[in-house]
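The next block holds one structure in the form of structure tokens; read it before the comments.
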Protein chains: 2
Amino acid sequence: MGVREEVIALAQRAKVAAVQLATLSTEVKNKALQAMAQALREKAPEILEANAKDMEAGQAQGLSRALLDRLLLNEKRIEEMAQGLEALVSLPDPVGEITSMWTRPNGLKIGRMRVPLGVIGIIYEARPNVTVDAAGLCLKTGNAVILRGGSEAINSNRAITRIISAAAAASGIPEGAIQLVDTTDREAVHVMLRLNEYIDVLIPRGGAGLIRTVVENATVPVIETGVGNCHVYVDAEADLEMAEKIVINAKTQRPGVCNAMETLLVHKDIAPAFLPVIAEKLRDLGVELRGCEYTRALVPFAKEATEEDWATEYLDLILAVKVVNDLEEAIEHIGKYGTKHSEAIVTNNYLKAWEFLQRVDAAAVYVNASTRFTDGFQYGFGAEIGISTQKLHARGPMGPEQLTTFKYIVFGSGQIRQ
Amino acid sequence: MGVREEVIALAQRAKVAAVQLATLSTEVKNKALQAMAQALREKAPEILEANAKDMEAGQAQGLSRALLDRLLLNEKRIEEMAQGLEALVSLPDPVGEITSMWTRPNGLKIGRMRVPLGVIGIIYEARPNVTVDAAGLCLKTGNAVILRGGSEAINSNRAITRIISAAAAASGIPEGAIQLVDTTDREAVHVMLRLNEYIDVLIPRGGAGLIRTVVENATVPVIETGVGNCHVYVDAEADLEMAEKIVINAKTQRPGVCNAMETLLVHKDIAPAFLPVIAEKLRDLGVELRGCEYTRALVPFAKEATEEDWATEYLDLILAVKVVNDLEEAIEHIGKYGTKHSEAIVTNNYLKAWEFLQRVDAAAVYVNASTRFTDGFQYGFGAEIGISTQKLHARGPMGPEQLTTFKYIVFGSGQIRQ
């Protein structure tokens, strides 16, 4: 069987499973999640052995230290994956929730009920924990999942998928609910991208290249995740102590993630008081600064920022800094260079706070808080499958609800259309 | 300027307009809608003159009578378009609605606020009234719209767009908010399909061929509309009088639309009592019947249904009829041949009603009512831009709310991530 036929056969199994999963009780799904967690713990040695193969191959291939760290599994990380599954148990099951219901003049009662999306394809890169997270969240929400991980993690992903899907099946989950595309052939991805008949939605998780490939070639609907060129704007009326805390947190607490700040915008009236101080603190924390002309006048050790810097998601301890004339210029800069992910203003001025909230077009807009909060757990969703940067269906952190759609259920007593 | 450059320039204007539209007050938008309605009435002669050109060209081209009827405008139809705009005025403005807000343990207040999608591209076929409907609904919801109508209606669409966009601009709506792709060159559509930088969503409205072209070639997110292979299942425990009313209504009240019934499923226990009676009534109403073997035994004048009939959306006075053994077989048939649009059961049995509602995967599932109710006006949305048959973002009738997305607005007091 060729790659194409294999992927289609797998997707057909997923579709059959999805029909059964859609009406499975919360109890059965929760028991399966517990069994999957238990199986991960019991079979940790199998996973570690498989992971050792991936690590060895990765080292031989010369993968970067950062990539190898993402790839690495150990007892602690496996325990975290198991705990992640258990945490899903206590979350409410969104499926079957009737979010509204109304009665029409003719007596028809129309309700809007949450239902699973169906079959979800997840296309991701190195980290094998995504395999468990995605499988768990899709199961909790009654969706079948087709996992296509990075080739570097193929052995780890195989072991993990084998273990959790067997545990799920033993708990009454239909076969085919959790499947891995068990090949490193890229053709498999291209087949997935156009399987509209069997796959309801694709969620790519990874670098900009992966996401572009998926968006450009998919006919299956895609939820785009990822790129975050996030800004913090420190207004003239900011509390400077608060601004300092937020700027340092947004840049340095975890610089390699999409909700970290990449450009700092500072109102010109406050720049002389604020910039030299924050610049030194950031430098002490290892941050390289790249500033506009005015920034460099105030911060002699800042490098020159080019047009490219305003558009770059560094994902690193580098920060672009620009002094702006007013709120208007800040909003315009964000509109021009932002990626509609997370944007923050620091101000004590009520009108400016509202203006920023209203006018900045992004998944999450903050007043006096760090952009780092754009996260399913931080928002209280209890889980996260990624952060959507598109506007259709899901925007920002995607929790269990974002893996559902709805159907209208209509109760009549013989109504016909006039 | 080539077609490609023209479309890009137009889309850039739309994007600029969208930013301003997003924060425009409901009052300004409503006044513009009224002005647009008034302008349509005052300039009806211009529209009729342009339409006469389209009708003449259509006749010369040998367009079908049905197509010519869709293309035709007259005083009455223009008045209806104007009234459609006025009806939008009284609808609530979804933009700015905060649908939920919660406080996190760290004190962050997170709200979910409706915002416009941005720039919406509508690609549609013959009927020029879509030009007005779509422009009105997009304006009401703060979106810029790029209209690409069928080439048969180009003169009508030009006149209409010129009149309503001038009226809108005179009422304070930014230039570029309502634009027509003023060429019949198909290349224009292909450019639109991949303009992710400027267009946020595409909504194709028309036949299966148009929709397929858009889905297969677009990189811009698409909301699929359209195909409805809808079923009515008459259960053994149905009220036969009610079943008759519903079946006749679902098939004949307006057979050419997507929510009309295409296949009738009848439980075997009730088939001998129900089928001969309903078959005669349907025949008297001009409906051609195509039945399974058992149907033909009960209804001698029914033609033979082939595998293809179960999968066909006739959009005509033709009905496929199948006798099924039980609810299970009905649900399976619908799962196999349905297009997830509108499905109905007629039954007095509570358990079967719930089972059907739970298990049938469609945008709208009905108990004891006609499938013809799947419609934005019938659902009480006050307007409709189409009926989505996909699962992402919008499902079923799309009213004003479905033309919005949301953003999270987060109120902090200096919170940083730990």
Would you pick out the residues in the range A:234-262 that are more than 11 Å from chain B (Cβ to nearest Cβ) and assigned to a loop (DSSP other than H, G, I, E, B)? A:235, A:236, A:237, A:255, A:256, A:258
Can you name the number of the only condition in (1) surrounded by 23 or more Cβ atoms within 10 Å (Cβ to Cβ); (2) in a helix (DSSP H, G or I); (3) away from every other protein chain (no Cβ under 14 Å); (4) aliphatic (A, V, I, L, M) that residue A:189 fails? (1)
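Select, from B:173, B:203, B:160, B:164, the only residue that is closer than 25 Å to residue B:142 by Cβ, within 14 Å of chain A (Cβ to nearest Cβ) and surrounded by 22 or more Cβ atoms within 10 Å (Cβ to Cβ).
Within the list B:173, B:203, B:160, B:164, the selection yields B:203.
Could you tell me which of the residues A:213, A:219 is modelled with pLDDT of 90 or more, among the hydroxyl-bearing types (Ser, Thr, Tyr) and assigned to a loop (DSSP other than H, G, I, E, B)? It would help to see each step written out before you state the result.
Details: A:213 fails: assigned to a loop (DSSP other than H, G, I, E, B).
Only one candidate qualifies: A:219.
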Output yes when any residue across the range A:87-106 is surrounded by fewer than 19 Cβ atoms within 10 Å (Cβ to Cβ), part of a helix (DSSP H, G or I) and away from chain B (no Cβ under 14 Å), and no when none is. yes
Restricting the search to the range A:7-30, which residues are crowded, with 17+ Cβ neighbours inside 10 Å, more than 14 Å from chain B (Cβ to nearest Cβ) and charged (D, E, K, R)? A:13, A:29
Matching residues in the range B:356-371 - criterion: being at the interface with chain A (Cβ under 9 Å from one of its Cβ atoms) and of a type outside the set (S, T, N, Q): B:357, B:359, B:360, B:361, B:362, B:363, B:364, B:365, B:366, B:367, B:369
Residue A:266 vs (1) surrounded by 21 or more Cβ atoms within 10 Å (Cβ to Cβ); (2) assigned to a loop (DSSP other than H, G, I, E, B): all pass except (2)
Answer yes or no as to whether residue A:152 is modelled with pLDDT under 95, out of contact with any Phe, Trp or Tyr (no Cβ under 7 Å at 6 or more places or on another chain) and part of a loop (DSSP other than H, G, I, E, B). no
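Yes or no, residue by residue, for (1) free of Cβ contacts under 8 Å to residues at least 40 places away in the same chain; (2) under 30 Å from residue A:391 (Cβ atoms); (3) hydrophobic (A, V, I, L, M, F, W, C); (4) assigned by TED's automatic domain parsing to the domain that holds residue B:141:
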| position | (1), (2), (3), (4) |
| --- | --- |
| B:63 | no, no, yes, yes |
| B:87 | no, yes, yes, yes |
| B:103 | yes, yes, no, yes |
| B:112 | no, yes, no, yes |
Do we find that residue A:202 is over 18 Å from residue A:343 (Cβ atoms), touching a residue at least 12 places away in the same chain (Cβ under 8 Å), touching a Pro at 6+ places or on another chain (Cβ under 8 Å) and not in a helix (DSSP H, G or I) in this structure? yes
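Go through B:377, B:356, B:381, B:411 for me and flag whichever is aromatic (Phe, Trp, Tyr) and part of a strand (DSSP E or B).
When all the criteria are applied, what remains is B:411.
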Mind checking whether some residue in the range A:337-346 is more than 24 Å from residue B:415 (Cα to Cα) and more than 11 Å from chain B (Cβ to nearest Cβ)? yes
Going by what's in this entry, would residue A:13 be described as farther than 26 Å from residue B:331 by Cβ and either touching a Cys at 6+ places or on another chain (Cβ under 6 Å) or in the same structural domain as residue A:173 (by TED's automatic domain parsing) (or both)? no
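Applying the selection to the range A:54-78, what residues are assigned to a helix (DSSP H, G or I) and surrounded by 14 or more Cβ atoms within 10 Å (Cβ to Cβ)?
Scanning the range A:54-78 gives A:54, A:55, A:57, A:58, A:67, A:68, A:70, A:71, A:77, A:78.
Conditions (1) among the aliphatic types (A, V, I, L, M); (2) modelled with pLDDT under 95; (3) under 26 Å from residue A:130 (Cα atoms), marked per residue:
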| site | (1), (2), (3) |
| --- | --- |
| A:75 | no, no, yes |
| A:79 | no, no, yes |
| A:85 | yes, no, yes |
| A:95 | yes, no, yes |
| A:100 | no, no, no |
| A:108 | yes, no, no |
If I filter the range B:290-301 for residues that are within 14 Å of another protein chain (Cβ to nearest Cβ) and either in contact (Cβ under 8 Å) with a residue 24 or more places away in the chain or not in a helix (DSSP H, G or I) (or both), do I get at least one hit? no
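The values are calculated or read from the model by the stated rules, or taken from the named source; none is laboratory data. All values derive from a computational prediction rather than experimental measurement. Note: ideal-geometry Cβ built from the backbone for every residue, glycine included; neighbour counts use all protein chains shown.
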